[in-house]
Every structure is written in C-alpha cells, then in structure tokens.
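In what follows, a structure is listed as structure tokens, so that the remarks can point back to it.
The values are calculated or read from the model by the stated rules, or taken from the named source; none is laboratory data. Predicted model only: the values in this text are computed from it and were never measured. Positions of Cβ are backbone-derived with ideal geometry, glycine not excepted, and every protein chain shown enters the neighbour counts. For accessibility, only protein heavy atoms count, side chains too; no ligands or nucleic acids. Shrake-Rupley method; radii C 1.70, N 1.55, O 1.52, S 1.80 Å.
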Amino acid sequence: DRVSGDAAMQFLFSVTPEQAAGGPVSAYYAAMHPDDAAQDALNIQRAIDGGGPYESRARVRAMDGRYHLVLSRGQVLYDAEGRPETLRGVVRDITRETQAQADLRESEERYRTLFEAIDEAVCIIEMIHDDAGQPVDYLFLETNKAFEQHTGLVDAQGKTVLQLVPGHDTHWMKLYGDVARTGVPVRHENEVGVMNRWFDVYATRIGAAEDLKVAILFRDVTERTATEQALKEADRRKD
C-alpha cells in the first residue's frame with residue numbers, strides 16, 4: 001500500500017517529495033475527490049483479483065489548488081507464487097483534453113440547434129465529378145427540417161440530386177462546383193426548371209478544397225418571383 005511516483009505525480013496529488021518517493025496510498029487518496037476515491041480503490045482491487053488492466057478516472061486536487069481530471073492506467077505484476085506484487089502504470093492529466101471535448105460538444109449542439117431552427121433551408125452537399133473533372137452531380141450529406149418545405153424533396157440525405165430530380169439544371173452543378181473548387185462564396189437567384197421553382201441561394205465551401213463540400217442556405221422565392229414578373233408584365237402592357 002505504498003506509492004512511488006515522479007515529480008508530475010507529486011504535483012498532481014499535492015504530496016511531499018518523501019511521499020512521492022514511496023509514501024502511503026492514503027496520502028494520494030487524500031488529494032482525490034471524495035466521490036472518486038472509492039471507485040478508484042475498487043478499480044485497483046478488480047485489477048488485482050482479475051489480473052486484467054487497471055484503468056480509472058478521478059479528480060485530484062493538485063498543488064495549484066485546482067481539481068485536475070486524471071486518467072490512470074496500469075497492470076498488476078505478480079510474484080512467482082502468483083501473489084500481487086506491484087501495480088505499474090501511468091497517470092495522465094486530461095483536464096484540458098476533456099474540457100476541449102466538452103466545448104466541442106457544446107459548439108456542435110449550438111450548431112445543430114441553429115441548423116434545425118432557422119426558417120431557411122440548409123443543406124451540405126458533396127460534389128461528384130466525371131472522369132474529366134467536371135461537376136455532374138452532388139450528394140446530400142445533411143439537410144435541415146426546412147429543406148423539405150422549400151424543395152418538396154423527402155429523405156434527401158444520402159441521395160444525389162439527380163436521383164431526386166432527374167434532369168436537374170446543369171448550371172447549378174457548375175455553380176456549386178466552382179464554389180467547391182475556388183472557395184469563393186456566391187449569392188445566386190435562379191430557377192430550377194424541372195422543379196418549376198425559383199431559389200435564392202447562398203453557397204460557400206466548407207472544409208478543404210479536396211473535400212468538395214459546399215454548404216447551401218436557400219429559400220423558395222417562386223411566389224415572390226411570379227408576383228414580380230406579373231407586375232412587370234402589367235407595366236409592359238400599360239406602356
């Protein structure tokens with residue numbers, strides 16, 4: 001029941017140099033969060049009894065006065081008669097790593113909430129090229145709830161636009177292909193003739209050029225366009 005560790009162990013567990021050189025395990029448990037100490041002791045006992053690897057996560061109060069999250073891993077060594085002799089292992093401070101993962105999850109949750117909540121349609125596509133390197137189709141990777149409302153397309157994710165809209169206008173392929181290739185975002189309004197719908201579109205590349213991915217924010221402006229065209233026609237007749 002004695003622990004020998006290096007300078008990093010001394011810092012993490014707030015023990016003296018003498019304790020780090022071979023102090024009682026109780027000195028280390030004194031630095032451990034009370035909610036974690038019992039589980040750590042259980043994990044050690046399981047490794048001793050079962051002969052398997054030891055792994056444990058625990059919060060320990062370090063010399064800086066703050067709790068650090070540490071990951072401990074090791075293996076029990078036995079003597080010639082099969083009695084547990086030593087638990088050798090490493091203890092790694094994973095505080096920053098864990099916080100970074102938590103921040104990433106929070107960021108992804110915010111993105112997902114916004115992605116699903118906005119009224120405009122959003123999709124992420126991956127361009128498909130022919131042997132000559134020309135954009136000929138694109139695959140829907142992600143779509144939001146408003147996507148179906150603005151396009152009328154159901155279950156688009158995982159399908160290509162030509163599967164869903166045979167005869168889709170080729171100028172849209174070129175437009176998105178250029179965005180994926182150059183990284184220059186575009187704002188564009190035009191008709192998808194085969195769908196008999198007009199769309200106001202903003203497209204921008206995401207990721208590296210070789211990923212061939214484009215994020216598209218758009219809305220159906222068919223009704224507005226028809227109204228504008230009717231007004232223009234009415235003005236023309238007046239003239």
Taking 0.36 nm per residue of separation between residue 41 and residue 230 and subtracting their Cα-Cα distance, the length gained on full extension comes to 60.2 nm
With springs only between Cα atoms under 10 Å, which of 20, 215, 117 fluctuates most in a Gaussian network model of the chain? 20
With R₀ set to 22 angstrom, the calculated FRET efficiency between the beta-carbons of residue 75 and residue 8, to the nearest 0.05, is 0.70
dims of the chain, Cα set, principal axes, largest to smallest, nearest Å -> 102, 40, 30
Along the stretch 94-110, Karplus-curve 3J(HN,Hα) (6.51, -1.76, 1.60; θ = phi - 60°) to the nearest Hz, with x for Gly and Pro, reads 10, 4, 5, 4, 5, 5, 4, 5, 5, 4, 5, 4, 5, 4, 5, 5, 5
Label residue 99 and residue 129 with points 7 Å out from Cα along Cα→Cβ: what is the distance between them in nm? 4.3 nm
How much length is gained if the chain between residue 191 and residue 117 is pulled fully straight, taking 0.36 nm per residue apart and subtracting their Cα-Cα distance, in nm to one decimal? 24.1 nm
Accessible surface ranking that places the most exposed of 35, 64, 131 first, with a 1.4 angstrom probe: 131, 35, 64
Plugging the Cβ-Cβ distance of residue 110 and residue 182 into 1/(1 + (r/R0)^6) at R0 = 35 Å yields, to the nearest 0.05, a FRET efficiency of 0.75
Determine the distance separating the Cα centre of the stretch 25-99 from the Cα centre of the stretch 181-239; give it in Å without decimals. 59 Å
The chain: relative contact order in percent, alpha carbon pairs under 8 Å with at least 6 residues between: 11 percent
5 Å is the cut-off here: which amide hydrogens, built 1.01 Å from N in the peptide plane, fall below it relative to residue 129, excluding neighbours closer than 5 in sequence? 136
Accessible area per residue of the chain at 1.4 Å probe, in Å²? 62 Å²
Counting only protein heavy atoms with a 1.4 Å probe and every protein chain in place, the carbon and sulfur fraction of the accessible surface of the chain in whole percent equals 51 percent
Describe numerically, in nm with one decimal, the distance between label points set 7 Å from Cα along Cα→Cβ at residue 145 and at residue 67. 3.6 nm
Charge context of residue 110, other residues only, Cβ under 13 angstrom, K/R +1, D/E -1: -3
Helix axis angle, 170-182 relative to the chain longest principal axis, alpha carbon, degrees: 40 degrees
Tell me, in nm to one decimal, what length is gained between residue 223 and residue 18 on full extension, where the rule is 0.36 nm per residue of separation less the Cα-Cα distance? 65.8 nm
